[in-house]
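To start, the structure itself, in structure tokens.
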Amino acid sequence: RFPPYRQHTVALHKNQKLSLRYFGPFPIIKRIGDVAYKLRLPASTKIHPVFHVSQLKLCHGHHTLPYVPLPFTDTKQTPMFQPTTILDNCVILKGQYQVPQLLIIWEGLDKTHATWEDKEAFTTTYPTFNLEGRVVLNRGRKCNE
């Protein structure tokens, strides 16, 4: 479990309540004292591998769901998730401004994990991603329509 202020996710969420809270599962390497465990984390993570037992969640049964990797940046400070497809676009209102958004499918994830991202922030984060031919043009459509 990661507190919202410690997460460095690809998507910039204004409301941290909607961010994922748990990632994994990760195997336990050893128990440290009565209340701490050392986990085997991917080499690219930049967090300490020892966690208090209150920050861990027991994993029951077999892993039928796909593994959810940690959405942190790699050692080159580039996002680990890369966009593959843009499913849709729309315009939302933020205050008095109309903000174009894109529905993105991320590499290694399916459509159920697609996220809405601000187009301006997306093109800043992924300047080499070619939007041409990957966006369905629905000019002026509101997201709630």
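Surrounded by fewer than 13 Cβ atoms within 10 Å (Cβ to Cβ) and in contact with a strand residue (DSSP E or B) (Cβ under 6 Å, 6 or more places away or on another chain), is that true of residue 38? Talk me through it step by step, then tell me what you get.
Numbers: surrounded by fewer than 13 Cβ atoms within 10 Å (Cβ to Cβ): no; in contact with a strand residue (DSSP E or B) (Cβ under 6 Å, 6 or more places away or on another chain): yes.
Considered against the rule, which asks whether it is surrounded by fewer than 13 Cβ atoms within 10 Å (Cβ to Cβ) and in contact with a strand residue (DSSP E or B) (Cβ under 6 Å, 6 or more places away or on another chain), residue 38 comes out as no.
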Quick check on residue 50: is it touching a His at 6+ places or on another chain (Cβ under 9 Å), at pLDDT 70 or above and more than 28 Å from residue 130 (Cα to Cα)? no
Any hit, region 85-102, residues being at negative phi, assigned to a strand (DSSP E or B), of a type in the set (Ser, Thr, Tyr) and at pLDDT below 80: no
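Say whether the condition of being at pLDDT 80 or above and loosely packed, with under 12 Cβ neighbours inside 10 Å is met by at least one residue in region 5-21.
As a first pass, look at region 5-21 and keep what is at pLDDT 80 or above: none.
No, there is no match, as no residue in region 5-21 is at pLDDT 80 or above and loosely packed, with under 12 Cβ neighbours inside 10 Å.
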Name, by its number, the condition in (1) surrounded by 15 or more Cβ atoms within 10 Å (Cβ to Cβ); (2) over 24 Å from residue 121 (Cα atoms); (3) at pLDDT 75 or above that does not hold for residue 32. (1)
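The values are calculated or read from the model by the stated rules, or taken from the named source; none is laboratory data. Bear in mind the structure is a predicted one, so any value in this text is a computation, not a measurement. FYI the Cβ positions are ideal-geometry reconstructions off the backbone, even for glycines, and counts take in every protein chain you see.
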